[in-house]
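The values are calculated or read from the model by the stated rules, or taken from the named source; none is laboratory data. None of these values were measured; they are calculated from a predicted model. FYI the Cβ positions are ideal-geometry reconstructions off the backbone, even for glycines, and counts take in every protein chain you see. Only protein heavy atoms, including side chains, enter the accessible area calculation; ligands, DNA and RNA are left aside. Shrake-Rupley method; radii C 1.70, N 1.55, O 1.52, S 1.80 Å.
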Amino acid sequence: MSADTLQKQAGPSERNGAVRAASRFFAENGALGGLVILVVALSLMSGSFLTVTNLLNVGVQAAVTAILAFGVTFVITTAGIDLSVGAVAALSAVVCAWSATSEGLPWPLALVVALGVGILCGLVNGALITYGKLPPFIATLAMQGVARGLALVISQGSPIALPNSISHLGDTISSYLPVPVIVMVAMGLVTAFVLARTYSGRAMYAIGGNEEAARLSGIKVTRQKLITYALAGGFAAVAGIVLASRLASATPEAASGYELDAIAAVVIGGASLSGGKGTAFGTFVGALILAMLRNGLNLLSVSSFWQQVVIGVVIALAVLLDTLRRRSTN
Amino acid sequence: MTETSEARGEILRVNGLRKTFPGVVALDGVDFDLRPGEVHVLLGENGAGKSTLIKMLSGAYQPDDGRIMVDDRETSIRSAQDAQRLGIATIYQEFNLVPQLTVAENLFLGRPPKRFGLVDKRRMTADARELLDRVGVDADPGQQIGTLGIARMQMVEIAKALSLDARVLIMDEPTAVLTTTEVEKLFAIVRQLRDQGVSIVFITHHLEEIPQIGDRVTVLRDGKSVAEVPADTPQEELVRLMVGRSIEQQYPRERSSQGPPLLEVRGLTRRGVFENVSFEVHAGEVVGIAGLVGAGRTEVARAIFGADGYDQGNVLVEGARLRGGDVHAAMEAGLGLVPEDRKGQGLVLGADVQENLGLVTLGRASHGGLVDRAGQRKRAAGIAERLNVRMSGLRQEVRTLSGGNQQKVVIGKWLLADAKVLILDEPTRGIDVGAKVEIYQLVNSLTASGHAVLMISSDLPEVLGMSDRVLVMARGRLAGELDAAEATQDSVMALAVAGVESGTAHDTVGGSNVR
Ligand SMILES: Nc1ncnc2c1ncn2[C@@H]1O[C@H](COP(=O)(O)OP(=O)(O)OP(=O)(O)O)[C@@H](O)[C@H]1O
Ligand SMILES: [Mg+2]
């Protein structure tokens with residue numbers, strides 16, 4: 001659901017708008033039901049699941065995936081895909097640490113530079129896809145290699161320590177408010193706002209739903225796609241910095257494979273890979289489901305090999321349920 | 001409701017059919033029967049439930065309640081395979097074609113001729129050509145279907161259904177985009193089938209077709225079958241049964257005073273497609289473009305709007321040259337285009353009504369990147385009411401609207417855009433008689449306020465009834481230009497089929513006003 005389906009329709013003619021909005025909310029948020037079931041099941045199976053410490057832990061674990069996934073939501077909404085976000089996150093973090101330590105940049109500037117690197121990577125993706133007419137899969141796969149490689153080159157293959165001022169981003173304020181969770185929520189709100197309220201957000205849905213119709217309606221498809229991939233790159237940079245600050249150092253190999261988790265979160269959250277559907281809230285729920293599943297399986301001491309199997313099955317189930325539901329309503 | 005004699009042999013009968021969708025009762029007790037060798041017309045306003053009814057006969061939907069009898073036996077039709085087994089073939093309103101595949105592959109989708117377990121390409125091509133010839137459509141079996149244009153896609157759909165050798169052939173608005181020539185070919189085929197004993201269910205919004213082709217008419221209103229009358233029932237009576245009131249004037253064109261030229265097209269050429277097309281459209285004018293399918297009308301319209309490029313020539317809006325191939329520039333200059341293919345080019349099917357209606361005005365309604373959502377909603381609600389879009393609310397997904405109501409959304413979003421020159425390509429495709437009049441009124445108010453309309457339509461009465469001037473295209477060229485006073489069915493058709501022998505349009509237009 002986008003924020004706007006939550007909003008009640010004004011006007012007296014829409015009396016049952018609230019009821020409809022509510023039923024629509026649940027119809028469109030199968031993932032939320034899944035999350036509730038997961039929470040109940042895990043708290044029954046493990047006594048240590050439903051504790052404040054553990055839930056905060058889940059939140060922190062979810063944060064990086066969720067922030068990456070918010071960025072990927074934009075892309076998937078336009079019927080694209082971005083496989084480079086994990087690598088771009090690592091590159092941005094490495095650039096941040098390197099410029100703050102080796103180059104002695106003041107830390108706010110280092111953050112800005114890191115963000116710029118992420119956005120730039122996204123713009124390159126967008127340019128390859130629009131002007132270069134490369135399929136998004138290929139363009140972003142190439143970017144994945146390039147970004148990861150650059151991260152290794154800059155860091156010369158080893159982690160770079162973050163200056164203290166930046167690694168505070170990984171802290172927990174007054175022992176109940178982890179900064180990564182705050183950043184996650186803030187980025188989620190930004191995503192919801194962009195998707196629901198801005199020209200670019202609405203254009204993303206139109207482009208993903210029917211690119212030709214969007215073009216013939218005067219939407220500048222090329223420009224909007226550039227913006228979309230730039231946003232994904234920018235969000236990846238934020239995710240990279242959050243991840244690095246938790247570990248107090250930027251690792252060139254960090255976040256590898258995270259792009260798949262991000263895509264999974266978006267899809268579990270109800271977005272369609274064929275475009276035109278996708279919401280910040282859904283993605284948030286998707287990321288929480290993944291994090292809780294990992295956390296719960298750890299608490300239940302399931303081996304990490306089996307964890308991969310379970311998570312794979314859950315992703316398949318989520319998408320399967322979704323297609324079944326869509327087919328039955330059509 | 002229906003007063004048929006039970007005695008007569010019936011091939012198909014439905015009783016008390018009901019079907020609801022979330023928030024909508026689509027069918028609310030429909031009775032209908034079909035005899036061997038008859039053409040039974042289904043008539044009703046947009047959203048009355050015609051397509052829903054036939055989808056339950058073709059196995060696409062299951063009824064919530066009611067009975068379907070085939071050969072006097074109660075049957076449930078659960079799938080397309082069931083329908084095929086019962087000998088029911090269906091041509092859907094929204095085509096069932098795979099745009100990336102070739103014509104031949106589409107014709108034999110799922111049942112290609114095989115040889116040694118492999119697809120027999122040669123036979124498939126030969127069989128396809130035979131089918132295409134049968135319906136008389138000029139298309140190459142090896143051509144990708146997405147490149148055909150709407151009318152020829154429709155003819156391919158018809159050919160595909162014919163190849164099934166059905167006892168019952170259901171046709172949902174097959175003539176909506178066909179010109180007189182194709183309609184005549186189609187009718188000849190239908191009559192031939194009828195004489196062979198095939199029963200045909202025929203849906204159309206073109207009332208004049210009913211006495212030509214039909215035997216009986218069942219009228220649906222708000223999901224109920226309200227009458228069953230013979231096909232020679234007067235049109236006014238049919239309209240009254242269908243919409244519950246009579247329609248004064250089908251083409252209420254009010255001519256406005258003409259102003260300076262708003263749109264000038266000079267020597268527009270795309271090699272192999274259209275050549276040296278020149279004309280002007282003045283403020284306050286409705287200019288119609290007539291021609292046969294494949295004459296290049298849509299291609300010219302798309303080139304003017306910048307949807308496609310062109311090789312030579314100029315497009316000027318209010319005297320200023322327009323950059324070719326740039327939709328955004330064309331819109332900034334004041335052009336608009338309602339495309340012929342609503343599913344492929346007009347609508348975001350997965351988005352809701354409000355979103356679709358607001359798509360063209362999205363840029364204008366945004367300030368500093370933020371969309372004025374209240375304004376967008378208000379405008380969408382206004383135009384939806386004006387065009388009488390039948391929906392459960394502005395939040396209904398456009399995919400689930402009836403065909404005619406989808407078309408209203410495509411037009412509606414452009415009416416909101418307030419374009420100086422609005423190009424309409426098959427604007428009333430699938431729209432019922434009542435809503436058409438509303439659209440014509442809106443065209444009138446556009447021209448009255450000094451805007452201009454360029455209208456392409458395969459519906460000749462509509463072109464004649466609404467245009468101040470008619471351009472006729474044939475084989476990629478402008479074959480002539482007729483004033484409203486001298487444009488008649490015959491004069492237009494004469495130009496359309498004569499083609500262009502001499503290369504310049506003017507010679508063939510005996511005595512008509514030429515630029
Ligand atoms: N899948 C669906 N979900 C929700 N509503 C639907 C669905 N399919 C049809 N409807 C609704 O059912 C009603 C009847 O639709 P139907 O397509 O049968 O109309 P129709 O008579 O064929 O109209 P038209 O002349 O415009 O083609 C419409 O109000 C439509 O919005
Ligand atoms: Mg219909």
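Here are a few things to note about the model shown:
- Across region B:53-60, coupling constants 3J(HN,Hα) worked out from phi with the 6.51/-1.76/1.60 Karplus curve, θ = phi - 60°, read 4, 6, 5, 7, 7, 9, x, 6 Hz, and Gly and Pro carry x.
- Region B:430-473 and region B:121-173 have Cα centres separated by 31 Å.
- Computed with every protein chain present, the accessible area of residue B:215 is close to 60 Å² [probe 1.4 Å].
- The residues A:299, B:337, sorted by heavy-atom accessible surface at 1.4 Å with ligands and nucleic acids left out, run A:299, B:337 from largest to smallest.
- Compared with the dominant Cα axis of chain B, that is its longest principal axis, helix B:403-417 is turned about 20°.
- Within the accessible area of region B:66-173 (1.4 Å probe), percent carbon and sulfur: 47
- The charge dipole of chain A, taken about the Cα centre with unit charges on the Cβ atoms of Lys, Arg (+1) and Asp, Glu (-1), comes to about 860 debye, rounded to the nearest 20.
- For the set A:306, A:98, A:107, the ranking by accessible area, highest first and with no ligand, DNA or RNA atoms included, is A:306, A:107, A:98 under a 1.4 Å probe.
- Dipole axis of region B:5-243 (+1 Lys, Arg; -1 Asp, Glu on Cβ), positive-most option in B:60, B:81, B:26: B:81
- Backbone HN-Hα couplings from phi across region B:418-427 [Karplus 6.51/-1.76/1.60, Hz, Gly and Pro as x]: 6, 5, 5, 10, 9, 9, 10, 10, 6, x
- In this structure residue A:211 has an accessible area near 80 Å², from a 1.4 Å probe over the protein heavy atoms.
- Using C-alpha pairs under 8 Å with a sequence gap of at least 6, the mean separation divided by the residue count of chain A gives a relative contact order of 32 percent.
- Summed over all non-identical Cα pairs, the Kirkwood treatment of chain B gives a radius of 24.0 Å.
- When all protein chains stay in place and ligands, DNA and RNA are ignored, the 1.4 Å accessible-area order of B:266, B:216, largest first, is B:266, B:216.
- The sum of -39500 (n - 2.57) across all DSSP H runs of n ≥ 4, divided by the residue count of chain A, sets its helix-only mean residue ellipticity at 222 nm to -24500 deg cm²/dmol.
- Around the Cα centre of the protein assembly as shown, unit charges on the Cβ atoms of Lys, Arg, Asp and Glu (plus for the first two, minus for the last two) sum to a dipole of about 2240 debye.
- Residues whose amide H falls under 5 Å from that of residue B:457, counting only those 5 or more places apart or on a different chain, are B:289, B:426, with hydrogens built in the peptide plane.
- Bridges between two residues of the protein assembly as shown, per DSSP, are antiparallel at a rate of about 60%.
- Under the simplified labelling scheme, the residue B:488-residue A:123 pair shows an inter-label distance of 6.6 nm, with each label point 7 Å from Cα along Cα→Cβ.
- Reachable aspartates and glutamates, given that their alpha-carbon falls under 18 Å from the alpha-carbon of residue A:277 and they are not under 8 places away in the same chain: A:4, A:28, A:82, A:211, A:212, A:322, B:352, B:355, B:397
- C-alpha long axis of helix B:433-448 to longest principal axis of chain B, angle in °: 10
- FRET efficiency for residue B:232 and residue B:332, using Cβ-Cβ distance with R0 set to 45 Å, rounded to 0.05: 0.30
- Amide H contacts under 5 Å for residue B:220: B:43, B:44, B:226, restricted to partners 5 or more places along the chain or on a different chain, H placed in the peptide plane at 1.01 Å from N.
- Where labels lie 7 Å past Cα in the beta-carbon direction, separation of residue B:62 and residue B:373 in nm: 3.8
- Annotation: amide H-H contacts under 5 Å for residue B:480 (H modelled 1.01 Å from N, sequence separation of 5 or more, or interchain): B:472.
- Region B:349-505, relative contact order [Cα under 8 Å, separation at least 6], %: 17
- Angle between chain B longest axis and helix B:489-498 axis [Cα atoms, degrees, rounded to 10]: 80
- Computed about the Cα centre, the dipole magnitude for chain B is approximately 1460 debye when only Lys and Arg (+1) and Asp and Glu (-1) carry charge, each at its Cβ.
- DSSP-defined beta bridges in region B:5-243 - what % are antiparallel, rounded to 5: 55
- Eligible lysines near residue B:408 by straight Cα distance, threshold 21 Å, same-chain separation 8 or greater: B:50, B:343, B:378, B:420, B:436
- Surface accessible to a 1.4 Å probe, residue A:101 within the full protein complex, Å²: 60
- Across region A:301-316, rounded Karplus estimates of 3J(HN,Hα) from the backbone phi angles (6.51 cos²θ - 1.76 cosθ + 1.60, θ = phi - 60°) give 6, 7, 5, 5, 5, 5, 4, 4, 4, 4, 5, x, 5, 4, 4, 4 Hz, Gly and Pro being marked x.
- Computed over neighbours whose Cβ is under 15 Å from that of residue A:183, the net charge equals 0, Lys and Arg +1, Asp and Glu -1.
- Helix content alone sets the calculated 222 nm mean residue ellipticity of chain B: runs of n ≥ 4 DSSP H residues at -39500 (n - 2.57) each, divided across all residues, give -9000 deg cm²/dmol.
- Simple rule: put +1 on each Lys or Arg Cβ and -1 on each Asp or Glu Cβ in the protein assembly as shown, find the dipole, and look at B:229, B:370, A:233; the Cα lying farthest toward the positive end is A:233.
- Region B:343-418 - percent relative contact order, Cα under 8 Å, separation 6 or more: 47
- Of A:172, A:78, A:283, the one that fluctuates the most in a GNM where chain A has Cα springs shorter than 10 Å: A:172
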